[in-house]
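Here's the structure, in structure tokens; my notes come after.
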Amino acid sequence: MGVVENSKLTVVGAGSVGASLAYAALIRGSARHVALYDVNTAKVDAEVLDLAHGTPFVGSSTIAGGDDLAVVEGSHVVVITAGAKQEPGQSRLDLAGTNVRILEDLLPKLLERAPDAIYMLVTNPCDVLTVAAQKISGLPSDRVFSSGTVLDTARLRWLLAKRAGVATSSVHAHIVGEHGDTEFPLWSSANVGTVPILEWAHGQGFRREELDQIAAEVRDAAYRIIQGKGATNHAIGLSGARIVEALLGDESAVLPVSAVLGGVHGVDGVALSVPSIVNSSGVTPLGETPFSDEERRKLHESADALRASIASLGI
């Protein structure tokens, strides 16, 4: 896509994910103006300077930023990557509590500076934090959501395409539910080109056992990457930039982002990823997406797991 004229993206958090997302947005031309904000002055100033030195190679996008919240003003989209990292021995629930408290302090300040922006969370656990962010901000669910399983879906399509010997753009499949251990693929509507996944006959075809193994590999991919290099950042940066493009470009692209659902697929009051229309108005979950009985059961199990986490945190 080309740079959307006068569009502004602010990335909150200059850690590995935030810096990678800003970098991806500059290279892809996701926004005309990219801003990076962080309370760590030395870190954010260094990242902005490093990115600025590369702008002669990326077309017309600009980069600015710093530790002053004024950099957020005029944003059309604000992406929140800031948050505590999971420490050894710390549970995901403990991490969620810490990051909810960060949101309680940060979100009102961001809304003062960019009241009309669309807000996307990348900080984990993103589904729990999306519920918290909506309650803290008072924004409608179409204007505050998380990146959800967009990256998980990309991982799935990459693995299926590699196995089938086709381009990733020819694989149509989604990971839905929690961005985490209870996520699952919608095999009932997955296709390679025009062929249902279980009917794909080129090469060895796909067996259900193999598909289950691929789904497990997708679910556990982040653990493998973190074990090797300490964090996942490049792919989430690219997927975040892609979502930003759908918002700023008013694309009405269908992406599995996570917003608080209001009765969609029988789920209410929790944020789960389902295929959703993403455009300049925000996100609209597609309630007409077909689910098999087994997939609907798994979606409700994912919702129950999230409700338990939300209740434990008192959100």
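Just wondering, is there one or more residues in segment 193-201 that are among the hydrophobic types (A, V, I, L, M, F, W, C), in contact with a strand residue (DSSP E or B) (Cβ under 6 Å, 6 or more places away or on another chain) and not in a loop (DSSP other than H, G, I, E, B)?
In the first step, residues of segment 193-201 are kept if they are among the hydrophobic types (A, V, I, L, M, F, W, C); the result is 195, 197-198, 200-201.
With the extra rule that they be in contact with a strand residue (DSSP E or B) (Cβ under 6 Å, 6 or more places away or on another chain), the set shrinks to 200.
Applying the additional criterion that residues be not in a loop (DSSP other than H, G, I, E, B) yields none.
No: segment 193-201 contains no residue that is among the hydrophobic types (A, V, I, L, M, F, W, C), in contact with a strand residue (DSSP E or B) (Cβ under 6 Å, 6 or more places away or on another chain) and not in a loop (DSSP other than H, G, I, E, B).
Condition test on S239, is it modelled with pLDDT of 95 or more, under 21 Å from I118 (Cα atoms), hydroxyl-bearing (S, T, Y) and not in a strand (DSSP E or B)? Against the criterion (modelled with pLDDT of 95 or more, under 21 Å from I118 (Cα atoms), hydroxyl-bearing (S, T, Y) and not in a strand (DSSP E or B)), S239 qualifies.
It is to be established whether one or more residues within segment 37-49 are at pLDDT 95 or above, in contact with a helix residue (DSSP H, G or I) (Cβ under 6 Å, 6 or more places away or on another chain) and not hydroxyl-bearing (S, T, Y). Show your work before the answer.
We begin by selecting, within segment 37-49, every residue at pLDDT 95 or above; these are 37-49.
Now drop any that are not in contact with a helix residue (DSSP H, G or I) (Cβ under 6 Å, 6 or more places away or on another chain), which leaves 37-38, 47.
Add one more test, that the residue is not hydroxyl-bearing (S, T, Y), and what stays is 38, 47.
Yes - at least one qualifying residue is present in segment 37-49.
Look through segment 22-40, keep the residues that are open to solvent by less than 60 Å² (accessible area, probe 1.4 Å) and of a type in the set (S, T, Y), and return whichever of them is nearest to A84 (Cα to Cα).
Of segment 22-40, the ones open to solvent by less than 60 Å² (accessible area, probe 1.4 Å) are 22, 24-26, 29-31, 34-38.
Keeping just the survivors that are of a type in the set (S, T, Y) gives 30, 37.
Numbers: S30: 27, Y37: 16 Å.
Filtering segment 22-40 for residues that are open to solvent by less than 60 Å² (accessible area, probe 1.4 Å) and of a type in the set (S, T, Y), the one nearest to A84 (Cα to Cα) comes out as Y37.
Tallying residues that are over 27 Å from A35 (Cβ atoms), open to solvent by less than 40 Å² (accessible area, probe 1.4 Å) and of a type outside the set (G, A, S) within segment 217-249 yields 1.
Looking at segment 250-268, is at least one residue touching a strand residue (DSSP E or B) at 6+ places or on another chain (Cβ under 8 Å), at pLDDT 95 or above, surrounded by fewer than 15 Cβ atoms within 10 Å (Cβ to Cβ) and part of a loop (DSSP other than H, G, I, E, B)? Yes, segment 250-268 contains a residue that is touching a strand residue (DSSP E or B) at 6+ places or on another chain (Cβ under 8 Å), at pLDDT 95 or above, surrounded by fewer than 15 Cβ atoms within 10 Å (Cβ to Cβ) and part of a loop (DSSP other than H, G, I, E, B).
Rundown of residues vs (1) closer than 13 Å to A22 by Cα; (2) open to solvent by 30 Å² or more (accessible area, probe 1.4 Å); (3) touching a Ser or Thr at 6+ places or on another chain (Cβ under 9 Å), yes/no style:
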| site | (1), (2), (3) |
| --- | --- |
| L49 | yes, yes, no |
| H53 | no, yes, no |
| S75 | no, no, yes |
| V78 | yes, no, yes |
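Regarding segment 106-129, can at least one residue be identified that is open to solvent by 40 Å² or more (accessible area, probe 1.4 Å), under 20 Å from L261 (Cβ atoms) and in a helix (DSSP H, G or I)? No, that holds for no residue.
The values are calculated or read from the model by the stated rules, or taken from the named source; none is laboratory data. Because the structure is predicted, anything quoted here is derived from the model rather than measured. For neighbour counting, all protein chains shown are included, and Cβ atoms are generated from backbone atoms with ideal geometry for every residue, glycine included. Please note that ligands, DNA and RNA were not included when accessible areas were found on the heavy atoms of the full protein model with its side chains. Shrake-Rupley method; radii C 1.70, N 1.55, O 1.52, S 1.80 Å.
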